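Q: Next up is a structure, given as structure tokens.
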Amino acid sequence: MEYKNKSNLEKVLSEGKFAVTAEIGPPKGSDPDQIKQKAEILKGYAHAYNITDNQAAVVRMSSLAGCCILLGMEMEPVMQMACRDRNRIALQSDVLGASALGIRNILFITGDHQSLGNHPSSRGVYDIDSIQLIQIVKNMRDNGIFQNGEEILRGNPSIFIGSAANPYATPYEIRVDRLEKKIYAGVDFIQTQSVFNIERFNEWMDEVRSRGLDKKVHILAGVTPLKSIKMTERMKYYIPGVDVPDAIEKRMKNASDPKKEGYEIALEIIKEIKKIKGIHGVHITALFWESIIPSLISESGLVPR
Amino acid sequence: MIITKQKPLDDLLNSLEDGPVFIVGCSECATLCHTGGEKEVLDMKKILEAKNLQVPGWVVLDPACHLQNDKRLLKPHEEELKKAKKVLVLACGNGVQTLTDIIKDADVVAGTDSLFLGEIKHVNEFEKRCIMCGECLLDSYGGICPVSRCPKFMLNGPCGGSKDGKCEVDPNLECVWNVIYKHLKDKGKLQLLKNIQRPKDWSKSTMMRRVL
């Protein structure tokens, strides 16, 4: 069977299977072994693996390079691309380059603001936002047209288009509108912000389903196992857009083994997510705790066959 | 209005070296910002004199960014200017450069940092309202500008970092998208936000064009 983009993630999702993606944070250095070691641990446990793009505005190895390392290991990457650091010329150029190198999934996001990262004196670009970038790439892929209206001379990029959604940011009323705009712009799959507050996530999904949007885009719910009380507090109070309910913070604080408790909470959340109609997969982000992902996926019964 | 802030005194003293210093203020924005009105010019004169710097003269231009007017208003101060080695301009970056066009011998020293084009909310409280992008999009957002007021220039709704109506960049900063949403909801015009706003045409910006 021939799939238009030859993306395995697209194949899995279009067949209606429950997809699993996992995140790999690239190193603060040029040593490829750091990515390879994390990748070895995760190999076989997900359908595709995200490589983040200078996440939290901290300088790391480029997503494009990380994705190429994964391709060399016969693992399918999801390249992340933020609008913070590149204008429309560089973004379109990197989409062409990624496609040429065999990357078939790209996740387009606006990006965390540079003032929150490790180079706060830098100048942000933000020439275009994520919705505009999705529309541009869709037009490059399907119609062979650049943003300026010129035709691509040879080789439309072959990209399964992803983006993020955050049900927890305010105003809540506009969150499904944003998703709808992304769908209208041409997004194929969505990875959500990490889910801790199931109740709010369900409210968001109710609205998504009532507008029939779960039929128009593949939604993968984000899951992040909490590793420690310190990490729980960091996620709750300092990371933009994350909603850790008081009850979960309390469980982590009262636990004799916070690592084990964080793992149990993640298992429970995956179980809840699997019950939600319209959810097509999970996206696991274990910040600096990639080694926990295989057992989390195995115990949840999600190992790809 | 152009919002300015006085540079740190140590930086100014460093630039002014041994003087003598002629001080220039501005009757418009810098007066309203309390950075370059008559009061601030005279306060600066006192401070410099206390540091043993001579101040042979001063003037408040009306306004500093008006080239021909400046030439006329500086005429009566010719002798004072001859004595000065430094001309300290307490006005915006435009005012400083207009003085650079006129002053031949002395060094022109910028006395303020120009911050933004903004609104006076209360005395000494200012808010950025416009970045003069060259292509006004206000009508698409009910008269509230995301280009100048969102740190990520988001044109299609708020990013994922807004929390309780506040911006991820600064919890004291209201997310402009929260303001836009509430305003359009009250007006029954939320449909304005449904369309995808195309990438902005920055070629209309005057950033690289110097003369109109």
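Q: Looking at (1) loosely packed, with under 14 Cβ neighbours inside 10 Å; (2) within 20 Å of B:Ile120 (Cα to Cα), find the lone condition where B:Glu40 falls short.
A: B:Glu40 satisfies all of (1) loosely packed, with under 14 Cβ neighbours inside 10 Å; (2) within 20 Å of B:Ile120 (Cα to Cα) except (1).
Q: Inspect all residues belonging to region B:88-102 and state whether any of them is charged (D, E, K, R) and surrounded by 15 or more Cβ atoms within 10 Å (Cβ to Cβ).
A: no
Q: Moving on. Condition first: in contact with a Lys or Arg (Cβ under 9 Å, 6 or more places away or on another chain) and either not in a loop (DSSP other than H, G, I, E, B) or not assigned by TED's automatic domain parsing to the domain that holds B:Cys26 (or both). Now tell me which residues in region B:55-78 satisfy that.
A: Matches in region B:55-78: B:Gly57, B:Trp58.
Q: Just the residues that are hydrophobic (A, V, I, L, M, F, W, C) and either without any contact (Cβ under 8 Å) to a residue 24 or more places away in the chain or touching a strand residue (DSSP E or B) at 6+ places or on another chain (Cβ under 8 Å) (or both), please, taken from region B:160-206.
A: B:Cys167, B:Val169, B:Leu173, B:Cys175, B:Leu190
Q: Which condition from (1) in contact (Cβ under 8 Å) with a residue 40 or more places away in the chain; (2) not in a strand (DSSP E or B) is the one that A:Leu220 breaks?
A: That leaves (2) as the condition not met.
Q: Sticking with this structure for a sec: Assess whether A:Val208 counts as being within 18 Å of A:Ser300 (Cα to Cα), crowded, with 23+ Cβ neighbours inside 10 Å, in contact with an Asp or Glu (Cβ under 9 Å, 6 or more places away or on another chain) and hydrophobic (A, V, I, L, M, F, W, C).
A: Here the answer is no, as A:Val208 does not meet what is asked.
Q: Just to check your reading of the model, which residue among A:Gly186, A:Gly162, A:Gly149, A:Gly144 is surrounded by fewer than 20 Cβ atoms within 10 Å (Cβ to Cβ) and under 17 Å from the mean Cα position of the chain (by Cα)?
A: Just a single option satisfies the conditions, and that option is A:Gly186.
Q: In this structure, does B:Ser205 turn out to be within 14 Å of chain A (Cβ to nearest Cβ), of a type in the set (S, T, N, Q) and touching a Ser or Thr at 6+ places or on another chain (Cβ under 6 Å)?
A: When the stated conditions are applied, B:Ser205 does not pass them.
Q: Does region B:140-174 hold any residues that are more than 7 Å from chain A (Cβ to nearest Cβ) and assigned to a loop (DSSP other than H, G, I, E, B), and which are they?
A: B:Gly142, B:Gly143, B:Ile144, B:Cys145, B:Cys150, B:Cys167, B:Asp170, B:Pro171, B:Asn172, B:Leu173
Q: Condition first: exposed (fewer than 15 other Cβ atoms within 10 Å of the Cβ) and either assigned to a helix (DSSP H, G or I) or facing chain A (nearest Cβ under 8 Å) (or both). Now tell me which residues in region B:184-194 satisfy that. Explain how you work it out, then say what you get.
A: In the first step, residues of region B:184-194 are kept if they are exposed (fewer than 15 other Cβ atoms within 10 Å of the Cβ); the result is B:186-189, B:191-192, B:194.
Matches in region B:184-194: B:Asp186, B:Gln191, B:Leu192, B:Lys194.
Q: So which of B:Ile23, B:Ile47 is surrounded by fewer than 16 Cβ atoms within 10 Å (Cβ to Cβ) and either under 30 Å from B:Glu125 (Cβ atoms) or at pLDDT 95 or above (or both)?
A: B:Ile47
Q: Of all residues being of a type in the set (A, V, I, L, M, F, W, C) and closer than 29 Å to A:Asn143 by Cβ in region A:177-200, which is nearest to the other protein chains (Cβ to nearest Cβ)? Just the residue, please.
A: A:Ala185
Q: Look at region A:69-95 and say how many of its residues are touching a Phe, Trp or Tyr at 6+ places or on another chain (Cβ under 7 Å) and under 17 Å from A:Ser122 (Cβ atoms).
A: Qualifying residue count, region A:69-95: 2.
Q: I would also like to ask the following. Among the residues of region B:20-53, write down those that are of a type in the set (S, T, N, Q) and under 15 Å from B:Val109 (Cβ atoms).
A: B:Thr35 - this is the single residue of region B:20-53 that is of a type in the set (S, T, N, Q) and under 15 Å from B:Val109 (Cβ atoms).
Q: So which residues in region A:103-129 are within 11 Å of chain B (Cβ to nearest Cβ), farther than 27 Å from A:Ile183 by Cα and in a loop (DSSP other than H, G, I, E, B)?
A: Matches in region A:103-129: A:Pro120 only.
Q: Exactly one of (1) among the acidic types (Asp, Glu); (2) out of contact with any His (no Cβ under 7 Å at 6 or more places or on another chain); (3) on the phi < 0 side of the Ramachandran plot is unmet by B:Glu17. Its number?
A: Condition (3) is where B:Glu17 drops out.
Q: Inspect all residues belonging to region A:160-176 and state whether any of them is among the β-branched types (Val, Ile, Thr), closer than 19 Å to B:Asn156 by Cβ and at the interface with chain B (Cβ under 9 Å from one of its Cβ atoms).
A: Looking through region A:160-176, at least one residue is among the β-branched types (Val, Ile, Thr), closer than 19 Å to B:Asn156 by Cβ and at the interface with chain B (Cβ under 9 Å from one of its Cβ atoms).
Q: Is region B:79-86 home to any residue that is closer than 15 Å to B:Leu12 by Cα, assigned to a helix (DSSP H, G or I) and at pLDDT 95 or above?
A: No, because not a single residue in region B:79-86 is closer than 15 Å to B:Leu12 by Cα, assigned to a helix (DSSP H, G or I) and at pLDDT 95 or above.
Q: Please state which one of A:Gln147, A:Gln132 is within 12 Å of another protein chain (Cβ to nearest Cβ), in a helix (DSSP H, G or I) and modelled with pLDDT of 95 or more.
A: On the way: A:Gln147 fails: in a helix (DSSP H, G or I).
Of A:Gln147, A:Gln132, the one residue that is within 12 Å of another protein chain (Cβ to nearest Cβ), in a helix (DSSP H, G or I) and modelled with pLDDT of 95 or more is A:Gln132.
Q: Could you look through region B:143-168, keep only residues that are surrounded by 20 or more Cβ atoms within 10 Å (Cβ to Cβ) and touching a His at 6+ places or on another chain (Cβ under 8 Å), and pick out the one that is farthest from A:Cys83 (Cα to Cα)?
A: B:Glu168
Q: I'd like to verify a number: residues in region A:45-90 that are of a type in the set (D, E, K, R), touching a Gly at 6+ places or on another chain (Cβ under 8 Å) and over 23 Å from B:Cys150 (Cα atoms), how many? First the steps, then the outcome.
A: The initial filter retains those residues of region A:45-90 that are of a type in the set (D, E, K, R), namely A:53, A:60, A:74, A:76, A:84-86, A:88.
Among the residues that remain, those that are also touching a Gly at 6+ places or on another chain (Cβ under 8 Å) are: A:53, A:60, A:84-85.
Now drop any that are not over 23 Å from B:Cys150 (Cα atoms), which leaves A:60.
Selection size over region A:45-90: 1.
Q: Can you pull out every residue in region A:164-178 that is closer than 20 Å to A:Phe18 by Cβ and in contact with a helix residue (DSSP H, G or I) (Cβ under 7 Å, 6 or more places away or on another chain)?
A: Of everything in region A:164-178, those that are closer than 20 Å to A:Phe18 by Cβ and in contact with a helix residue (DSSP H, G or I) (Cβ under 7 Å, 6 or more places away or on another chain) turn out to be A:Ala165, A:Pro167.
The values are calculated or read from the model by the stated rules, or taken from the named source; none is laboratory data. Nothing here was measured: the structure is a model prediction, and the numbers come from that model. Cβ: placed from backbone, ideal geometry, glycine included. Neighbour counts: every protein chain shown.
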